Amino acid sequence: MYLTQIVATKTSSSETITDQAVQQVNAFQRFWNEIDWDAILATFIEKTLYLIFLVILFSVLSKIGKYLLDKSFSQYSKKASLNESRLKTLHSLLHTIFHYTLGFFFIYALLSVIGVPIGSLLAGAGIAGVAIGLGAQGFMNDMITGFFIIMEQQMDVGDYVQLANLSIEGTVVSVGIRTLQLKATDGTVHYIPNRNITTISNLSRANMLVRLDIRIVPEEGYDKIQAVIQQVNQHLAEKYQNELQTEPTIFGLVDLGNSNFAIRTICYALNGKQHVLKEEFLSAYVQALTKAGFTIPNTPVGPVV
């Protein structure tokens with residue numbers, strides 16, 4: 001009798017578990033069967049087609065916008081009296097503004113197609129305004145600083161500048177509303193946020209001084225050495241007459257310290273050409289003096305006086 005009750009209890013428990021499993025399976029089957037797969041597939045295809053159309057549309061708009069900007073700017077550059085560097089800077093700025101504007105509308109349209117509630121996001125932006133404002137503070141500083149750099153024409157594309165507080169110098173590649181791109185002499189391109197720029201030393205707004213010091217031994221004959229240097233100056237002045245703004249003039253004998261003396265020549269050259277000219281002149285000085293039998297000292301040089 002007792003065994004019969006135990007067996008009946010186990011049988012009842014097994015039937016209860018089985019019934020629960022069957023009910024769960026039936027509930028899942030009903031849920032699965034109630035899904036409108038045709039509607040889901042239709043929605044997926046519709047969204048995909050919208051996204052493809054959106055990408056194609058904005059790609060076409062981007063190409064058309066670039067074409068119109070380039071064409072309009074080309075016509076404007078023929079009439080405007082601005083220099084080439086300034087025109088390149090304005091051209092780069094217009095392209096940057098166009099890309100930011102087109103990108104904003106593309107993201108807005110993309111979220112709308114996907115189904116993201118833009119209105120709710122904009123309403124939530126008011127709640128998160130403080131956090132967003134703190135995060136965007138640096139961005140706004142970049143924008144404001146970049147605006148004044150461009151409007152005040154502190155630098156143009158192609159200028160050689162020095163940023164004293166950052167110890168960076170190079171040729172301006174792009175002046176953007178947010179960042180500045182400088183290309184150093186070794187080819188390195190620096191991307192600098194505008195808010196980090198405090199002092200700009202523009203070396204391309206006037207003719208540059210070229211100071212040429214060639215070390216000599218005065219005891220070997222100062223007048224003869226000066227005559228050789230003068231011949232080199234005359235020869236190179238004719239060769240680089242387009243780059244030189246003044247004739248190379250011998251300043252005289254200067255003391256470099258540590259019993260080292262040099263003959264100094266000074267001249268003014270077009271901005272950007274001073275380094276090339278200095279290398280050419282010094283190389284010609286060394287070759288001419290060595291050929292004439294004069295000595296080029298190689299002892300350590302002390303502080304310049």
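The values are calculated or read from the model by the stated rules, or taken from the named source; none is laboratory data. The structure displayed is predicted, hence computed values, not measured ones. Every residue, glycine as well, gets a Cβ built from its backbone with ideal geometry; the counts of neighbours run over all protein chains shown. Please note that ligands, DNA and RNA were not included when accessible areas were found on the heavy atoms of the full protein model with its side chains. Shrake-Rupley method; radii C 1.70, N 1.55, O 1.52, S 1.80 Å.
Of the residues making up the stretch 246-281, those that are over 18 Å from GLU220 (Cα atoms), out of contact with any strand residue (DSSP E or B) (no Cβ under 7 Å at 6 or more places or on another chain) and either surrounded by 14 or more Cβ atoms within 10 Å (Cβ to Cβ) or among the hydroxyl-bearing types (Ser, Thr, Tyr) (or both) number 3. For the stretch 156-167, state whether one or more residues are at pLDDT 75 or above, outside any loop (DSSP other than H, G, I, E, B), open to solvent by 40 Å² or more (accessible area, probe 1.4 Å) and not aromatic (Phe, Trp, Tyr). Within the stretch 156-167, one or more residues are at pLDDT 75 or above, outside any loop (DSSP other than H, G, I, E, B), open to solvent by 40 Å² or more (accessible area, probe 1.4 Å) and not aromatic (Phe, Trp, Tyr). Scanning the stretch 175-197 for residues that are among the hydroxyl-bearing types (Ser, Thr, Tyr) and either within 13 Å of ILE149 (Cα to Cα) or crowded, with 16+ Cβ neighbours inside 10 Å (or both) yields a count of 1.
Looking at (1) modelled with pLDDT of 85 or more; (2) among the aliphatic types (A, V, I, L, M); (3) open to solvent by 60 Å² or more (accessible area, probe 1.4 Å), which is the only condition VAL172 fails? Answer for VAL172: the failing condition is (3). Kindly evaluate LYS239 against the criterion of being in contact (Cβ under 8 Å) with a residue 24 or more places away in the chain, open to solvent by 60 Å² or more (accessible area, probe 1.4 Å) and of a type in the set (Lys, Arg). Here the answer is no, as LYS239 does not meet what is asked.
Scanning the stretch 185-234 for residues that are within 41 Å of the chain's Cα centre (by Cα), in a helix (DSSP H, G or I) and farther than 22 Å from GLN274 by Cα returns ASN194, ARG195, ASN196.
Screening ASN207 with (1) surrounded by 16 or more Cβ atoms within 10 Å (Cβ to Cβ); (2) under 30 Å from GLY146 (Cβ atoms); (3) in contact with a Phe, Trp or Tyr (Cβ under 8 Å, 6 or more places away or on another chain) gives one miss only, at (1). Just so you know, in the stretch 35-73 the residues that are of a type in the set (Gly, Ala, Ser) and under 27 Å from the mean Cα position of the chain (by Cα) include one that is surrounded by the most Cβ atoms within 10 Å (Cβ to Cβ), and it is GLY65. Does TYR240 satisfy the criteria of being farther than 26 Å from PHE294 by Cβ and of a type in the set (Ser, Thr, Tyr)? So TYR240 fails the test.
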